[in-house]
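No lab work stands behind these numbers, since they all come straight from the coordinates. Quick caveat: nothing in here was measured; it's all calculated off a predicted structure. A quick note on method: Cβ atoms are made from the backbone with ideal geometry, for glycine too, and the neighbour counts reach across all protein chains shown.
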Amino acid sequence: MTDRHEIDAATWHKLDELPDEGRVQTVVVDGRPLAVTRCAGRLGALDNHCPHQGGPLGEGTIENGLLRCPWHGWEFDIRTGKSWCDPARTRVKSFDVSVTKGGALAEGPYQAETFPVSIDEDYVVVEI
Ligand code: FES
């Protein structure tokens, strides 16, 4: 788990959905489709485009802990994106994934100015 003080709200994005254990799912983050995986309790996120011919990795399967492309079966490490058969030269861009308590991402350096408001008889009073 990432410490909440390490989270940079400008680069981290909250995911509204996660795949079930042993599954991969396409999740669009900031307009970019990612193949998000969950395997053995660990989460991973890879670019959704297979480096072979652009197959949609988010529609692939998890087999023996590897993400298998649905088009021709190339396999990738779900955390590093390295190809199983050619890890030194072929990889998919990977992204860090962490689980953090709700609300930590919503906090930022800026706070809206607030004013006390009350209702007095038939008037709404705002103190500025
Ligand atoms: S496009 Fe992924 S293995 Fe061919």
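Residues with amide H under 5 Å of residue 50's amide H, sequence separation 5 or more or different chain, H placed in the peptide plane at 1.01 Å from N; which?
55, 57
What residues have an amide H closer than 5 Å to that of residue 84, excluding those fewer than 5 places away on the same chain, when H is modeled at 1.01 Å from N in the peptide plane?
For residue 84, whose amide H was placed from the backbone, the distant partners under 5 Å are 75, 76, 77.
Which value, in debye to the nearest 20, describes the size of the charge dipole of the stretch 7-100 about its Cα centre when Lys and Arg Cβ atoms bear +1, Asp and Glu Cβ atoms bear -1, and nothing else is charged?
240
Could you derive backbone 3J(HN,Hα) for the stretch 16-29 from the dihedral phi with the Karplus parameters 6.51, -1.76 and 1.60 (θ = phi - 60°), listing whole Hz in sequence and x where the residue is Gly or Pro?
Result, rounded to whole Hz: 7, 9, 9, x, 5, 4, x, 10, 10, 8, 7, 10, 8, 10.
At R0 = 35 Å, how high is the FRET efficiency between residue 88 and residue 110 if r is their beta carbon distance? Nearest 0.05 is fine.
After rounding, the FRET efficiency stands at 0.20.
Most fluctuating residue of 35, 45, 88 in a GNM of the chain with Cα springs under 10 Å: which is it?
Of the options given, 88 has the highest mean-square fluctuation.
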